[in-house]
Each structure stands twice: as C-alpha cells, then as structure tokens.
1. Would you please give the residues with an amide H less than 5 Å from that of GLU69, counting only those at least 5 places away or on a separate chain, with H modeled from the backbone geometry?
2. Specify which residue in the list ALA289, ILE299, TYR267 is farthest towards the positive end of the charge dipole of region 256-307, using unit charges on the beta carbon of Lys, Arg (+1) and Asp, Glu (-1), about the Cα centre.
3. If contacts are Cα pairs under 8 angstrom and at least 6 residues apart, what is the relative contact order of region 9-85 in percent?
4. Which one, SER119, GLY164, ALA98, is farthest towards the positive end of the dipole of region 71-205 when Lys and Arg carry +1 and Asp and Glu -1 on their Cβ?
5. How many nm separate the modelled label positions at GLU203 and SER223, each set 7 Å beyond the Cα in the direction of the Cβ?
6. Which whole-number value in Å² is the accessible area per residue of the chain, probe 1.4 Å?
7. What ³J(HN,Hα) values, in whole Hz, does the Karplus curve 6.51 cos²θ - 1.76 cosθ + 1.60 give for region 163-179 when θ = phi - 60°, with x put for Gly and Pro?
8. Which percent, to the nearest 5, of DSSP beta bridges fully inside the chain are antiparallel?
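The values are calculated or read from the model by the stated rules, or taken from the named source; none is laboratory data. All of these numbers come straight from a predicted model, not from anything done at the bench. Note that we place each Cβ from the backbone using ideal geometry, even for glycine, and neighbour counts take in every protein chain shown. The protein model used for the area step is the full one, side chains on, heavy atoms only, and it has no ligands, DNA or RNA in it. Shrake-Rupley method; radii C 1.70, N 1.55, O 1.52, S 1.80 Å.
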Amino acid sequence: MLSDRFGRAIDYLRLSVTDRCDLRCSYCLPKGFKGFEEPAHWLRFDEIERVAAAFVRLGTRRIRLTGGEPLLRRDLPLLAGRLAALPGLSDLSLSTNATQLERHAEGLRRSGVSRLNVSLDSLRRDCVAELTGSDSLPKALAGLSAAKAAGFERIKINMVPIAGVNDGDIEAMAEFCIEHGFILRLIEAMPMGDSGRGTRGSELEPILARLSRRFGLSELSVSLGGGPARYWGSRDGRFTLGLITPISQHFCASCNRVRMSVDGTLYLCLGQEQRFELRPLLRAGCSDAELDGAIRAAIELKPEKHDFREAPAKVMRFMSQTGG
C-alpha cells in the first residue's frame, strides 16, 4: 500500500485525460483562457494505462477520470475499458458536466465505469448560462436521463453554492435529486487561480441547517465513495446530502488521493505546488520498477495540509489544469 510520510494511505488516483472543457464555469476556468496544454504533451492511452497499472500495483483501489471535461477526449470509453480491466482495481468512476453524456452513457457503462459525478449548479437555465458561459442546461439534463437509462445508479450531483447567484436554488436541486434518486453534494468554492479567488462561496453549515429542517436530515456513518464528503440522509431514505468542506472544515489529515494532469504531472495537493513529472520518464522508456520508484518518490512530496485559508493567492493554476 502506498503511504505518505504522514502515515496516510494513498488509495485514490484522479486521472485527468484533458484540460479542455466546453464550458467556462466562473469558479473554474475564466472566459478567454488560452493556456491549454499542447496535445503533443498529453499522455497517450497506453501511457495513462501504464501509470494507472503502476498505482494499482502499489495499492491504489479507486481511479476517477476527470478533466477539464473528460468526455471531450476522443474514444474515452476505450480507455475506461482498459482501466476497468486492471487486476486489483475495485472502483472506476468519472466526473463530467454531462453535456456530452447523452451519447456516451451507454458506452461508459459497458466499459466498466461504475459511478458518475455530474457538475450542475442550478436548474434555472439563465443561471446555468451565467455560470458556465453556455446555454448548457438542456444538454446536461439529457445527459443525466441517458445515464439513468444506461443503468447508472446513485448518480451524484455536485453543486457549488455561490452567494447571490445560485444559493437560493439549493432546495429546488434537492427536490430534483429526490425525484430522480440522485445524491446532492454541496462543495465549497476553492481559491484556485484568479477565477476561484474571485468566487464568493456560500457557507455550508447554515445551508445544512436549512436543509435539515426541511427534509429531516441526520448524519450518516457510511462513506459513499472514496472522497472526503460527509453525508446526511432523510428519515424516509429518499434524500442523501453530502458536504465537501475544504475551506471551513478541511480534511487534510485523512487525505487519500493524488491527481495526475493530462501531461503526466502528479499534483500531490490541490492547495500546494508540490508536483512530480512522470511524462519524461515514460517517454524515456523507464522500466516498471523505475516507474514504481518514481511514484513512491512523488508520494513522499505530499504536504501535510493546504493553505487555502492562510494563503489563498498561493496556487495560481486553475482547477482544470490540475484535474478536478
């Protein structure tokens, strides 16, 4: 099992397959951004599979495909199938904005993707257009319908509440999730890049109190996935709410994950700059033993905690560059 110098087991890899996205969410990627990675620097599918196999060999049990918008990467279901077949991998999931999901849902399900997280910040078409820079709500809803039809269960809806923008839409999103059997997760905005620092996120504890009164929520002891969310459920079992609080109640002491960007750079913490580049090793023809050693060396760089509160201007890269 991989473990860092603070004794944390690292069993979760978030793999970015592209830094491109068809949306420009205000807290993630600014309008007009042009600093995307050159396609020649993207890891090829065989290179991604090789890194994933090394992580699994070293004890990683969960992999999430991310971006940017991962479904913009051509033939992604083929890659997903190759990763799902890795001996020892127990969970392959995907994060998406769902705009491309209608045509890919069945292929992803067949390939072995077991779970979906869908970013959706409102059910109001004008609000979604304001936040994403695109009239994308109809596509996202069609994608969610296709995912349900393909057999995906307990889909998670990731919503970033922003004060004065969509924080009044949370109850409507909760009712939507109850209707369709989705899990609602509220995520605090993080100061990643200029766009993230310019977002005035809403405090989640008052929102939790509000939703608890309305839906009769109590905290759950179970973990629904490999991430840091804490969960609450309604008495009738129809509504599940998750909170991800990297700012107000950080979870660094139990962090079990690292991220790899599309160019093969391992980022050891969202809120710090420690990184390790694997692409040069891969393209120099490193052995499996050398790759395993490089991953172990990278994990040793993982910091104890982030500094989002103490130094919000520290991280200049955008979320889409890191891998969500």
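1. Amide H neighbours of GLU69, under 5 Å, 5+ apart: ARG20, CYS21, ASP22.
2. Towards the positive end, the residue furthest out is TYR267.
3. On the way: 72 pairs, mean separation 43.6, N = 77.
Relative contact order comes out at 57 percent.
4. Of SER119, GLY164, ALA98, it is ALA98.
5. Using points 7 Å along Cα→Cβ, the separation is 2.9 nm.
6. Working: 13600 Å² over 324 residues.
Heavy-atom accessible area per residue stands at 42 Å².
7. These are the phi-based 3J(HN,Hα) values: 4, x, 10, 10, 5, x, 9, 5, 4, 5, 5, 4, 4, 4, 5, 4, 4 Hz.
8. Working: 14 of 42 bridges.
Counting only bridges with both partners in the chain, antiparallel ones make up about 35 percent.
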